[in-house]
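Let me begin by presenting the structure, written as structure tokens, before commenting on it.
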Amino acid sequence: MEKSIFTRIMDGEIPARIEYEDELVIVIHDIAPKAPTHLLIIPRKPIPTLMDVSEEDLPLIGHIHKVAQLLAKKLEVKGFRLINNCGKEGGQEVFHIHYHFLAGF
Ligand code: 5GP
């Protein structure tokens, strides 16, 4: 399977502004921000879409929510949107699951 653009960023092949990383996820600034703060929370595991999430991935999905909480505290934002676009018809462009963290409206 071809590496996704996000895996290439994790592997250091493509530059990105990294806001946070741990053993399960990386958080980068979106290249085309749709809000004053627009981050992408991306699991290291290259799951293509939300529809491909299995039972064993559920702790990882929970972790993403915990990371969103951490980012809100770190960036001192009072509210945010956490969005997953699922599938081509859901507006997904990069087929490596990720959550948009949008704040500062
Ligand atoms: P999707 O539409 O798949 O939910 O969102 C993909 C997001 O990835 C878009 O908001 C797009 O701007 C962002 N993106 C695509 N390529 C790159 C890249 O090379 N670097 C960064 N930082 N963001 C990217």
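The values are calculated or read from the model by the stated rules, or taken from the named source; none is laboratory data. Just so we're clear, the structure is a prediction, and the values are computed from it rather than from any experiment. Note that each Cβ is placed from the backbone with ideal geometry, even for glycine, and that neighbours are counted across all protein chains shown. Calculation scope for accessible area: heavy atoms of the full protein, side chains included, ligands and nucleic acids excluded. Shrake-Rupley method; radii C 1.70, N 1.55, O 1.52, S 1.80 Å.
Please specify each residue of the range 11-43 satisfying the condition of being part of a loop (DSSP other than H, G, I, E, B) and away from the ligand (no atom under 11 Å from the Cβ).
Answer for the range 11-43, where residues must be part of a loop (DSSP other than H, G, I, E, B) and away from the ligand (no atom under 11 Å from the Cβ): Asp11, Gly12, Asp22, Glu23, Leu24, Pro36.
Is it true that Phe95 is aromatic (Phe, Trp, Tyr) and either open to solvent by less than 50 Å² (accessible area, probe 1.4 Å) or free of Cβ contacts under 8 Å to residues at least 24 places away in the same chain (or both)?
Answer is no for this residue.
Conditions first: (1) loosely packed, with under 13 Cβ neighbours inside 10 Å; (2) touching a Gly at 6+ places or on another chain (Cβ under 8 Å); (3) not aliphatic (A, V, I, L, M). Pro15 passes all but one, so which condition is the exception?
(2)
I need every pair where a residue in the range 24-46 that is over 20 Å from Glu76 (Cα atoms) has its Cβ under 6 Å from the Cβ of a residue that is near the ligand (Cβ under 9 Å from one of its atoms), sequence separation at least 6 or different chains.
Every condition considered, the pairs that remain are Ile42/Phe6; Ile42/His98; Pro46/His96.
Can you pull out the residues in the range 46-105 that are outside any loop (DSSP other than H, G, I, E, B) and of a type in the set (S, T, N, Q)?
Gln69
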